[in-house]
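Down below is the structure, laid out as structure tokens.
Please treat every number below as a calculation from the coordinates, not as lab data. Since the model is a prediction, treat every value here as computed from it, not as a measurement. Neighbour counts are summed over all protein chains in view; Cβ atoms, including those assigned to glycine, are modelled from backbone coordinates with ideal geometry.
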Amino acid sequence: MTDALELLEGLAPGISSAKKSLAFGAAADRARVPVEQAPRHALLLTRLVQCANDLDGLNDVALRQRLSTAIAKAESVGESLEDAETAADLEAVATDYSTVGNALSQVIERLKNHWSQLVAQDFVDLAAVGHLLSKISGAESIGRDLVEISTAAQTLANGDPSAEKLAEVAPALRLRRAQTLDAMQAFTGEPEVDAFLGAVTRQEASLDMVTPKVMSWLTDKGALSAFRVRG
């Protein structure tokens with residue numbers, strides 16, 4: 001009997017150690033999800049920051065705050081994972097990682113909202129000038145491009161794109177818009193005409209902008225019939 005007690009007493013520390021190992025193993029298994037997701041989320045967060053910058057989104061206070069929060073949470077969880085030494089540490093990492101996902105969702109939601117505002121401001125009315133230019137000899141391709149850019153931007157804004165698609169397509173459309181407007185200005189070769197067409201894209205054109213130079217250009221291009229006076 002004494003020998004049996006001594007054997008059990010000798011096993012006790014081993015049993016305790018085994019339990020700790022099992023607990024650590026289970027916690028490590030639960031922490032595997034953050035470990036596997038972290039690289040993708042880190043890359044996505046980097047792309048979202050770049051996208052926000054390309055779209056002047058860092059001037060959007062709410063978007064900038066959400067990006068800062070997401071970055072801080074990702075750094076915090078990353079440090080916790082790196083410093084984890086016990087099962088409790090890993091459990092905490094697994095629990096806290098959900099805050100990273102939530103923060104990313106908040107960033108994506110606000111970035112989509114920012115894009116929608118940008119489209120309404122800078123893209124919707126491109127189609128009006130695009131249709132005009134598509135009727136003018138030598139400017140047809142510029143006109144078609146403006147219509148395509150306007151349509152693509154609105155389609156992206158009205159849909160529910162993935163974060164990856166938004167980060168890839170939105171900045172590309174904004175760059176294409178700028179390049180096509182540069183081509184339009186090169187075609188017109190007249191600052192007053194550029195100002196008038198730019199106002200058309202913003203639905204801000206008025207009769208006082210139709211200067212003799214603008215009237216002459218529109219007449220030469222046979223574009224007068226494309227406009228209507230609205231009271």
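What the table below lists for this structure:
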read-out: Cα-based reach from Lys213 at 15 Å (exclusive), listing aspartates and glutamates while leaving out same-chain residues under 8 positions away; value: Glu190, Glu192, Asp194
read-out: Region 76-206 - percent relative contact order, Cα under 8 Å, separation 6 or more; value: 22 percent
read-out: Solution diffusion estimate, µm²/s, Stokes-Einstein, region 123-226, Kirkwood Rh from C-alpha pairs, 37 °C, viscosity 0.692 mPa s; value: 229 µm²/s
read-out: Label-point separation in nm, Glu168 to Ser76, each point 7 Å along Cα→Cβ; value: 3.2 nm
